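The values are calculated or read from the model by the stated rules, or taken from the named source; none is laboratory data. Keep in mind it's a predicted model, so treat the numbers as computed, not measured. Backbone-built Cβ (ideal geometry, glycine too); neighbour counts: all protein chains shown.
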Amino acid sequence: MFEERFDLIYKALKERCPEITVIGTVGPFYQGADYEEGWRFAQELGLELVDEHYYNPPGWFINNQDFYDKYPRGGTKVYLGEYASHLPNRSNCLESALTEAAYLCHVERNADVVEMTSYAPLLAKKGHTQWNPDLIYFTNTTVEPTTGYYVQALFGQNAGDIYLPSSLDLSPRDASIARRLANSVVVDQKSGDLIVKLVNMLPVDNTVEVKLPSEYSRGRVTKSLLTGELSDTAAQPVVSRSNVVSGSCTVTLPAYSFMVIRVSK
């Protein structure tokens, strides 16, 4: 019945208002019957976007950083309309925030498939919630952003509009280590800035040398660092500034950290 009615409404809407983008649905999970039938139906209709939802443990986000690498190109795209990393105690802390940051690096790499994302839920009145975790809590007089909010803000403020292929050379080369280090490199065409995102989900510091294109060899560097203990629920980014030295930028990624490096020409 859903497909029959959706088909009628979709065709009528596209006939009258072809400029409107209709977003379909593939159910509340990243797999299963609703997901598979939703995708089949969306491709049959030629929908521009479908809305995907999933809430999974941190380990899922760590181990599925190739999730959208496997999606077909050139067809229906994804609006990841609801997602979050859920710990057993449902806290919004640095552990969940870092796994979301690593996963968003993967999503940026697949921006030709994933057109939009939105963490969910967004707002909740403290002490009157029906769902946890939420991104921003509030009372009658205060607004209390979570650590997860700052990850979302750093990605939103440093989105860029061109994705640059990059490689991460590790020493030692170990798959379990590689899964806990994530990176993404984009360019903001409006400002001309190069933006490097680095996530370290390991319990030790890591020194990273970022080799920059020649046009950024004398640039100005702005670093935003989010770090702390995994259980930290109050971590906020700290911003520092420096200059590029000899065409590269060497940084220390603290244990359990997310860093955004923005380099101007």
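Tallying residues that are within 9 Å of the chain's Cα centre (by Cα) and either surrounded by fewer than 22 Cβ atoms within 10 Å (Cβ to Cβ) or of a type in the set (Gly, Ala, Ser) (or both) within the stretch 94-106 yields 4.
The residues on offer are 15, 52, and the sole one that is at pLDDT 95 or above, assigned by TED's automatic domain parsing to the domain that holds residue 89 and out of contact with any strand residue (DSSP E or B) (no Cβ under 6 Å at 6 or more places or on another chain) is 15. So, residue 199, is that one within 20 Å of the chain's Cα centre (by Cα), in the same structural domain as residue 166 (by TED's automatic domain parsing), assigned to a strand (DSSP E or B) and free of Cβ contacts under 8 Å to residues at least 24 places away in the same chain or not? Against the criterion (within 20 Å of the chain's Cα centre (by Cα), in the same structural domain as residue 166 (by TED's automatic domain parsing), assigned to a strand (DSSP E or B) and free of Cβ contacts under 8 Å to residues at least 24 places away in the same chain), residue 199 does not qualify. Scanning the stretch 28-37 for any residue that is surrounded by 19 or more Cβ atoms within 10 Å (Cβ to Cβ) and not hydrophobic (A, V, I, L, M, F, W, C) turns up at least one such residue. Residues to consider are 216, 256; find the one that is under 23 Å from residue 107 (Cα atoms) and not assigned by TED's automatic domain parsing to the domain that holds residue 99. Testing whether each residue is under 23 Å from residue 107 (Cα atoms) and not assigned by TED's automatic domain parsing to the domain that holds residue 99 leaves just 256. Screening the stretch 76-158 for strands (runs of 3 or more DSSP E) wholly inside it with 2 or more residues that are in the same structural domain as residue 60 (by TED's automatic domain parsing) and within 29 Å of residue 49 (Cα to Cα) returns the ranges 77-85, 114-117, 123-125.
For residue 81, state whether it is among the small types (Gly, Ala, Ser), modelled with pLDDT of 95 or more and at negative phi. Answer is yes for this residue.
Among residues of the stretch 38-48 being outside any helix (DSSP H, G or I) and surrounded by fewer than 19 Cβ atoms within 10 Å (Cβ to Cβ), the one that is nearest to the chain's Cα centre (by Cα) is 48.
Scanning the stretch 147-188 for residues that are out of contact with any strand residue (DSSP E or B) (no Cβ under 8 Å at 6 or more places or on another chain), among the hydroxyl-bearing types (Ser, Thr, Tyr) and under 27 Å from residue 86 (Cβ atoms) turns up just one, 176.
In the stretch 161-181, of all residues being in a loop (DSSP other than H, G, I, E, B) and in contact (Cβ under 8 Å) with a residue 40 or more places away in the chain, the one that is nearest to residue 255 (Cα to Cα) corresponds to 180.
For the stretch 65-75, which residues satisfy the criterion of being crowded, with 16+ Cβ neighbours inside 10 Å and within 19 Å of residue 36 (Cβ to Cβ)? If the condition is that a residue be crowded, with 16+ Cβ neighbours inside 10 Å and within 19 Å of residue 36 (Cβ to Cβ), then 67, 68 are the ones that fit.
Look at residue 184 and say whether it is in a strand (DSSP E or B), at pLDDT 95 or above, surrounded by 21 or more Cβ atoms within 10 Å (Cβ to Cβ) and of a type outside the set (A, V, I, L, M). In short, yes.
Among the residues in the stretch 169-178, are any modelled with pLDDT under 90, within 21 Å of residue 107 (Cα to Cα) and not aliphatic (A, V, I, L, M)? Within the stretch 169-178, one or more residues are modelled with pLDDT under 90, within 21 Å of residue 107 (Cα to Cα) and not aliphatic (A, V, I, L, M).
I'd like the residue in the stretch 217-253 that is within 25 Å of residue 92 (Cβ to Cβ) and among the β-branched types (Val, Ile, Thr) and, out of all such residues, is surrounded by the most Cβ atoms within 10 Å (Cβ to Cβ). The selected residue is 227.
Entry remark, the stretch 213-228: residues being within 23 Å of the chain's Cα centre (by Cα) and either closer than 17 Å to residue 256 by Cα or in a loop (DSSP other than H, G, I, E, B) (or both) number 6 in total.
Comparison of 173, 109 shows that the only residue that is farther than 25 Å from residue 234 by Cα and crowded, with 22+ Cβ neighbours inside 10 Å is 109.
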